[in-house]
Structure formats: structure tokens, C-alpha cells
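Report on the following structure.
The values are calculated or read from the model by the stated rules, or taken from the named source; none is laboratory data. Everything numeric here is computed off the predicted structure, so don't read it as measured data. No Cβ is skipped: glycine too gets one built from the backbone with ideal geometry, and neighbour counts run over all protein chains shown.
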Amino acid sequence: MSNYIVKRIFASFITLWIVVTATFFLMHAMPGGPFDGEKKLPDQVKANLETKFGLDKPIMQQYGLYLKNLLKGDLGPSIKYEGRTVNEIIKYSFPASAKIGSVAILFSLVVGIYMGIVAALHQGKWQDDLCMIIATLGVTVPSFVLSTFLILIFSVKLKLLPPVGFDGPLNYIMPAIALGGYSLSFIARLTRSSLLDVIRQDYIRTAVAKGLSKKTVIFKHALRNALIPIVTYMGPLIAGILTGSFVVEKIFGIPGLGREFVQNITNRDYMAIMGVTVFYSAFLVICNLVVDILYAFIDPRIKLE
Amino acid sequence: MEVTKDMFEKVPKEERQSLNIMRPSETFLKDSYRRLKKNKLAMAGLYFVIFITIIAIITPWISPYSYSAQDFNLSNVGPTKLHWFGTDQFGRDIFTRVLYGARISLTVGYVVSLLNLTFGVLYGGISGFFGGKVDNIMMRIVDVLYSIPMMIYVILLMLILGAGLPSILIALSLSYWLSMARIVRAEILSLKEQEFVLAAKTLGASNWRIILRHLIPNCMGPIIVTLTLSVPSAIFTESFLSFIGLGISAPKASWGSLASDAMESFMIYPYQLLFPSLAICLTVLAFNFLGDGLRDALDPKMRK
């Protein structure tokens, strides 16, 4: 087991290094430097700025410098906002994203698993159909469409929820639904098919034959094994919530990192784009690592190659 | 006891005929189509996909309005008899723009899926067939790419290539072949141990011939399913990119960019958002129904 964990950690580091390198060279392959904006800067000012950010050095030297700073946890300065570092941008805006994101993950897990169980236990009946219709709709409606129609219905027509802002718990409801909708559908389908698989196993028949109540059989015996595939879905789930935040935070006016990232793209703030990309990738790689290790602990049957 | 001729009875004609195979044997595709036809949702999906594709192709010849002509006397008119879906803030007919949007959105869906098909199938096929070290290295590369948030890399590629249709096609094709490669590899790993591969090898078939003529046709089921389901995901991603300002820009339109343009005033003119969104949802729904149906029809083992 410890051998497996060491291997996974090593692989994660390699992945991170590849990500950082790819991002760095992709950003430098971009046509035009960061200072070629709409306003043409005087040549002297441009040269001074390039010296300031080290852009006049040979590219390999810049790469070495970037890696060195990265090891210290320094993602560099923002080029468009004078005096702000990328670390600060992340520090100020990530908490909002993390809060909304965890509510969305919780929402999609709880509701998705519940819908999956209901559908599996009533296979072929109307409850099953209803849950699967909702699950199908969830994967067909893009998050920005879902967001706007939620605002139209609950804020404009019914005046129940505030359309934008990030003040109270009411502000969490619509963004969490919009962010989690897609994953919810996926989790519901996954739970349903996995539970249907498990309840046909012999040990479930044994449990039923022992005279245990249906509730005990489902929750104590079946669900434990049926939920293992959900654990593997955690990585894609987090990635989905993260990319979803780009549009959902913009629509609901949440001061999070997703909105900041889209803003950086619009501003062509190269250092910030690079920094946030590296941050996102590191975050996901760590999440995947944790999920993999958890998975190995939860399911001893998997081969630890 | 002596066996004499008259102890035998002649087999009646009908009985003899029952041993013959009367009908021509059904091919895999015919058999699958027969199963698909029983699934009403999947057939509805198939008909819708064919319908919208034909519409997208013939749009320039049937649409009464131009997709780019502006008429400020007609800006923001709601749905009427003349303009079925209303007009946008520049007085452009939204119905026409949605039809033109279908051209771009479907082009993205089909082209990206076909490129993914080619690359993913070859990559997965080679990796699965040769196994061992080759497989190990090729799959580690896929694993590394898989753990990277793809959307972010699509965004970076779009920044380098600049907005526009060709960049979208390239960026999406470079990023989305991974799952196809994985699926094909897994299929081929199990298929290559079977006797027909041994037979082909014994007959002296080359590796390429075995991969292309024997192995890949045998994993057509999962390939077609993945292909069908990758069309909506490409359409989805394109609309997402257009929404954050990296996709198609005006006066050209995709469904995503139409929805994104309508966002600015969706509280006043919700119909401008409704129709492009409806187009995305219906098309994605149709492809999903078709994909699910194909999965059941092509590969009965996978049915749950």
C-alpha cells in the first residue's frame, strides 16, 4: 500500500511538472507580448517593462526563474494590475469559489445519490422514469442557460431569490444548482446502474434470506459497494465544478476565481492566466491524488499495481 | 437383428427443408439497426439529428433573410409572423441566425468527433495491440493528459490560435481524443487474445492488417457510441467558449454565441435567449438519446 502511495505521489509531481512546462511554453508561444495592447506604448517604456518582468532574458532562463519562484510558491506579479501579485488574486478570490463549489458538490452528491437510489429501487416504475428524465435534462442544458432561466423564474417572476451578489445563504441556492446540475445527473445515473448491479449479487440474496429488513439490506449491504464508483467520479466532478465556475460566477456576480480567470483572459493578463492555470492544475492533481489513495483504502479489491 | 431397407422411413420434404438456412444471414449492422428501431426515443433522436443536419446544409438556399443584414427599424421585435423567433438588437432575424448557428455548431460537433475518432482509434489500437512497454508509455501519456483540466487547456490553445472556427476545431480535436483512445485500447486488449487473431497471425497477416481489418471493426460498437456522445460534448464546449468570449464572433453566429449575445438583455428580451438555448438543448438531447439507444443496440452486453 505505501509503495502504491509513493508511486502515485511521484506520478503527480511529474504531471505537475509537465503541466507547468506546457503552460509556460504555451503562454510564450502566444502571438504578441503582454504589452502589445490597444494602446501602443513608447518603445522605451515597453523595454523598461520587459526588463522589469524579466521578459528580455532568453526563454530558457525565464523558464528556470519561473520554476525556481514556483518552488517557493510564488506565482509572480500580475501584469495588468500594478502592484498585485497572482498569489494575492488567488488568495482574495478563491475562498468565494471554494464555498460555492463545495455547496454545489454537496448538492450534486446528496441529491444525485438519492435520485439514483429511488430510481434503482423502483426500477421500471414512474419514480424511475421521473428521476431519469431529470437526469437526462441535466446533461442537456448548458450551465449558462440553466443559470439564466433560474434567474428569470426565481428572481424576476417569483421574486423569491436575489439574482446576483454573494451576501447570505440565499445567494448560494441558484449558483449551486447551476454548477451542480450536470454532475447531479451523472451521479444519479451512476448510482442507479451501480446499485442495480449490486442488488443482483448473491450476498444481497443471502442478506434478504436472513430476514433482514429491506432498509438494512439496502443501506448496510448494498449501498456500501454501490457507492464505490461514485468515489472514482470525484475527480471529474471537482474539475467540472471548477470549469463551470467560469460562467456561473460571471452570471451571478460572485467574486470568485472563475470570474477572475475569465476577466484575466479578456484582459490578456498573461502572468495571471499562467498563474491561475498552474494553480487550478495543481489543485486538481492533488484532488485526484487524494481520491486515488482514498479509493485504494475503501476498496481493497482493486489491484495495487 | 438384420437391418433391412424397409425399416427406414423417408424424411418428409418439409422436415428436410427445415435444416436449410432459408434467409440470408444478417450482418452486424443490420441486426443492430433492427434492435435500434424498437427504441422509440433513439429513433426520434436519429430523425431529429438527420433533420437538423439537412436544415443546416440547405439553410443558405431557404432562409428568407440574411444572417448579417442589420435593420435598426426592426430591432428587438418579439416573435411575429414575419420573424418567427423575433429579431435581435441590430434587427437581425433570429430564426435565420439560429439556422446559420446550426451550421457552425454542427460543423464543430461533427469535425471534432471525426478527428477524435481517427486519432483516438489509432492511438488506442496501437497501444492495446502492441502492449507491454509501448502500451505502458502511451497510456502514461494519456493518464497525464487526463489529469489536466481540459477546458483550461482548450482556453489556452484558443488564446494562442485566436478566436474563430478553425481554432475551435484544432483546440477541441487536440484535447478530446483521450477517452476514445482509452476505450479502444481496453477493447483491443481483450480482443487480441481471441482465436481469430491467432488465426490471422498464423495465416501471416501483418500487424497493421490485424489492427485495421480484424480488431478495430470488432470494437465498432463502443466506438460508434463514443462518437455519437462526443458530438454533443463538442457542441457544449463550443457554446461554453463562445460564452466566455473565445468562440465565434459576430456577425457569424453559433448557438453558443447567440445565447451569449442574448445574455446582456435576457431580463427584457428573454425570447432572444430562449431559441438558441432550445436549439442547443434539443440537439444535445437528440444525440444523447441516439447514443444511449445505440449502446443498447450495438452492444447488448453493456445493457443495464
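Table: residues versus (1) away from chain B (no Cβ under 14 Å); (2) modelled with pLDDT of 85 or more; (3) under 17 Å from residue A:250 (Cβ atoms); (4) in contact with a helix residue (DSSP H, G or I) (Cβ under 8 Å, 6 or more places away or on another chain).
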residue: A:147; (1), (2), (3), (4): no, yes, yes, yes
residue: A:175; (1), (2), (3), (4): yes, yes, yes, yes
residue: A:179; (1), (2), (3), (4): no, yes, yes, yes
residue: A:184; (1), (2), (3), (4): yes, yes, no, yes
residue: A:187; (1), (2), (3), (4): yes, yes, no, yes
residue: A:194; (1), (2), (3), (4): no, yes, no, yes
residue: A:198; (1), (2), (3), (4): no, yes, no, yes
residue: A:209; (1), (2), (3), (4): yes, yes, no, no
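In the set B:166, B:149, only one residue is surrounded by fewer than 22 Cβ atoms within 10 Å (Cβ to Cβ), under 25 Å from residue A:234 (Cα atoms) and without any contact (Cβ under 8 Å) to a residue 24 or more places away in the chain; that residue is B:149. In this entry, residue A:243 passes the filter for residues that are facing another protein chain (nearest Cβ under 10 Å), within 22 Å of residue A:151 (Cβ to Cβ) and among the hydroxyl-bearing types (Ser, Thr, Tyr).
All of B:125, B:204 fail the test of being on the phi > 0 side of the Ramachandran plot and either surrounded by 14 or more Cβ atoms within 10 Å (Cβ to Cβ) or away from chain A (no Cβ under 13 Å) (or both), apart from B:204. Checking A:252, A:219, A:246 one by one, the residue that is within 28 Å of residue B:143 (Cβ to Cβ) and either surrounded by fewer than 22 Cβ atoms within 10 Å (Cβ to Cβ) or modelled with pLDDT of 85 or more (or both) is A:246 and no other. Among the residues of the stretch A:16-63, just one is at pLDDT 75 or above, loosely packed, with under 12 Cβ neighbours inside 10 Å and either outside any helix (DSSP H, G or I) or touching a Ser or Thr at 6+ places or on another chain (Cβ under 7 Å) (or both), namely A:58. Is one or more of the residues making up the stretch B:182-197 crowded, with 20+ Cβ neighbours inside 10 Å, assigned to a helix (DSSP H, G or I), within 25 Å of the chain's Cα centre (by Cα) and within 14 Å of chain A (Cβ to nearest Cβ)? Yes, some residue in the stretch B:182-197 is crowded, with 20+ Cβ neighbours inside 10 Å, assigned to a helix (DSSP H, G or I), within 25 Å of the chain's Cα centre (by Cα) and within 14 Å of chain A (Cβ to nearest Cβ). Tally up the residues in the stretch B:230-260 that are crowded, with 21+ Cβ neighbours inside 10 Å and either away from every other protein chain (no Cβ under 11 Å) or touching a Cys at 6+ places or on another chain (Cβ under 6 Å) (or both), please. Of the residues in the stretch B:230-260, 9 are crowded, with 21+ Cβ neighbours inside 10 Å and either away from every other protein chain (no Cβ under 11 Å) or touching a Cys at 6+ places or on another chain (Cβ under 6 Å) (or both).
Restricted to the stretch A:156-194, and to residues there that are assigned to a helix (DSSP H, G or I) and of a type in the set (Lys, Arg), the residue that is nearest to residue A:238 (Cα to Cα) is A:189. Within the stretch A:283-295, the residues that satisfy the criterion of being farther than 16 Å from residue B:150 by Cβ and hydrophobic (A, V, I, L, M, F, W, C) are A:286, A:289, A:290, A:291, A:293, A:294.
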